[in-house]
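Asks: After the structure tokens below, expect a handful of questions from me.
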Amino acid sequence: MKPSYTPAEKRERAWLMVRTSKQALADAVDPRLEARLDAIEDRALERAQREADALWWRLEAAKNAAADARAAERTAPRADKAAARQAVKDARMKVQRIQREVDRHGR
């Protein structure tokens, strides 16, 4: 899973990388800078895990909603079939959207 950095963390991380790379050339890397880099990395990984968990919960809820819509379509009276079919189509589209985001997130 790739880390999820905030814009401020990206800037600080870039600045710290420049500082530590310059110090690495002199073989004098400040351990406080490395500790700050590690702290940023830990926060980003924790945030990525929370986001992945939230996506999985949303995906499960969307799948349940799609199943409910399908059951409603099957039991709908003839006059309501078109609206029920559209509800199934919308529910499946939502599942696909969330599934693409889960796949993109890389869990």
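Asks: Looking at (1) among the acidic types (Asp, Glu); (2) in contact with a Lys or Arg (Cβ under 9 Å, 6 or more places away or on another chain); (3) under 26 Å from Met1 (Cα atoms); (4) free of Cβ contacts under 8 Å to residues at least 24 places away in the same chain, find the lone condition where Asp38 falls short.
Replies: Status for Asp38: all satisfied but (2).
Asks: Being part of a helix (DSSP H, G or I) and of a type in the set (Asp, Glu) is the filter here; which residues of the range 23-55 pass it?
Replies: Glu34, Asp38, Glu41, Asp42, Glu46, Glu51, Asp53
Asks: Still on this structure, please answer the following. Can you spot a residue in the range 25-46 that is of a type in the set (Lys, Arg), under 16 Å from the mean Cα position of the chain (by Cα) and either on the phi > 0 side of the Ramachandran plot or surrounded by 11 or more Cβ atoms within 10 Å (Cβ to Cβ) (or both)?
Replies: Yes, there is a match, as at least one residue in the range 25-46 is of a type in the set (Lys, Arg), under 16 Å from the mean Cα position of the chain (by Cα) and either on the phi > 0 side of the Ramachandran plot or surrounded by 11 or more Cβ atoms within 10 Å (Cβ to Cβ) (or both).
Asks: Pick from the range 58-92 the residues that are among the acidic types (Asp, Glu) and surrounded by fewer than 16 Cβ atoms within 10 Å (Cβ to Cβ): which of them is farthest from the chain's Cα centre (by Cα)?
Replies: Out of the qualifying residues, it is Asp80.
Asks: Only one of Val95, Val102 is modelled with pLDDT under 95, farther than 30 Å from Leu16 by Cα and surrounded by 12 or more Cβ atoms within 10 Å (Cβ to Cβ); which?
Replies: Only one candidate qualifies: Val102.
Asks: Could you tell me which numbered condition Val29 fails, if it satisfies all but one of (1) without any contact (Cβ under 8 Å) to a residue 24 or more places away in the chain; (2) farther than 30 Å from Arg11 by Cα?
Replies: (2)
The values are calculated or read from the model by the stated rules, or taken from the named source; none is laboratory data. What you see is a predicted model; the values in this text were computed from it and never measured. With ideal geometry, Cβ positions are generated from the backbone for all residues, glycine too; neighbour counts draw on all protein chains shown.
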